[in-house]
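The values are calculated or read from the model by the stated rules, or taken from the named source; none is laboratory data. The shown structure was predicted, so the numbers you read here are calculated from the model rather than taken from an experiment. Quick reminder, even Gly has a Cβ in these numbers, built from the backbone with ideal geometry, and neighbours come from all protein chains shown.
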Amino acid sequence: MTQPPIAWDVLFTNLPAACVVMDRDLRIVTATDLYLETVGRRLDDIQGQHVFEAFPEEGERLEMFGAAFRKALSGESSTLIDVPYAIPIYDEDGHDTGTRKEIWWNCQHNPVPAADGSIPYVIQKAQDVTGKVMAERLKDAVMREMQHRIGNIFALVSATAKRTVASSTDFDDFLPKFEGRMMALARTHTYLTGDHWDDISIEKIVSRELADYNDLDESQITIEGTNIVVNAAEAQILTLAVHELTTNAIKHGALKSRDGRLTVKWVPRGKDGYHFDWRESGIMIEATPERRGFGSFILDSVVPTQLSGAATREFLTGGFVYQVMVDQRLTSA
């Protein structure tokens, strides 16, 4: 039986790999469907463009990929592992939104030789490994958070005991409350290191952290928000943040005494993001703390980086506000 001729262009575009072919001038010749899906572009929009015109970057990142391309065009393969390179975000109509998405890549670059031995093309195989890199960073952050928590545990227990005494009538009233809060602390450590993160709502993350501290006055803690379900990566980061905020509120802020008030709200933002607002009032803060400990690092750096968003932390007269703004949600790792 005679086999039909192979349509090599169709075969290439349907390869189960994200590949792009460039000529010696680094102009895009063609790409697989998976590559176009990965970078969120259409072939008609980037074909014939210089690769750095289609995907502009700057500084060391540009030089790193440029060197890899030149090496492949000289006849030698090269590989880049876990390297960052941001790409522009285009809407459904192919218009540049003006925003860029930070992605971590594993990239292989291979020469494509002609019959005469020349190298007219280079092919790049690209793999988006952002999920893996973020998971590794999260694991490191959680381990450091655990060390931070262990070093801080006695102060937290002491502050919790004082907070519970203030809301108890006698020892028989104090003991079950205090035991419950110690169990809540243990559960939080389990959350931070356990599995089963998928399909958790922001409301559940906040409520389970604050549940054992909402017994003094129904008006002391207010939790409001729409039903936003987050994936595993987002749930871990938000739990880390809420735990840090709760600990600080117990030791220094709105949950330290009867006078404090805590309001936690979240609303949708942008296409599929959210705006998370943690607001404490009725507390005495003399000035913005000069020292930035690991807790500040978690709130100011780890949380916004891992969520691909922005975060602000503000100390006010008699209050404290922490906000997280996410415009584009993470894909599940």
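Of the residues in region 146-157, not one is modelled with pLDDT of 70 or more, within 30 Å of Trp105 (Cβ to Cβ), β-branched (Val, Ile, Thr) and in a helix (DSSP H, G or I).
Out of all the residues in region 220-229, is one or more closer than 18 Å to Gly309 by Cα, touching a residue at least 40 places away in the same chain (Cβ under 8 Å) and of a type outside the set (Gly, Ala, Ser)? Yes, there is a match, as at least one residue in region 220-229 is closer than 18 Å to Gly309 by Cα, touching a residue at least 40 places away in the same chain (Cβ under 8 Å) and of a type outside the set (Gly, Ala, Ser). Can you spot a residue in region 131-145 that is at pLDDT below 65, in a helix (DSSP H, G or I) and within 30 Å of Gln328 (Cα to Cα)? Yes - at least one qualifying residue is present in region 131-145.
Residue by residue, here is whether (1) among the hydrophobic types (A, V, I, L, M, F, W, C); (2) more than 32 Å from the chain's Cα centre (by Cα) holds:
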site: Ala7; (1), (2): yes, yes
site: Thr13; (1), (2): no, no
site: Asp23; (1), (2): no, yes
site: Val29; (1), (2): yes, yes
site: Gly40; (1), (2): no, no
site: Leu62; (1), (2): yes, no
site: Ala68; (1), (2): yes, no
site: Ala72; (1), (2): yes, yes
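Among the candidates Leu11, Leu26, the residue that is within 18 Å of Ile87 (Cα to Cα) and either hydrophobic (A, V, I, L, M, F, W, C) or touching a Ser or Thr at 6+ places or on another chain (Cβ under 7 Å) (or both) is uniquely Leu26.
Scanning region 107-122 for residues that are hydrophobic (A, V, I, L, M, F, W, C) and assigned to a strand (DSSP E or B), we see that the one that is surrounded by the most Cβ atoms within 10 Å (Cβ to Cβ) is Val122. Contact annotation: residue pairs with Cβ atoms under 7 Å, 6 or more positions apart or on different chains, pairing a residue in region 127-139 that is on the phi < 0 side of the Ramachandran plot with a partner that is acidic (Asp, Glu), are Val129/Asp82; Val133/Asp82. Within region 57-106, the set of residues being in a loop (DSSP other than H, G, I, E, B) and free of Cβ contacts under 8 Å to residues at least 24 places away in the same chain comprises Glu58, Asp91, Glu92, Asp93, His95.
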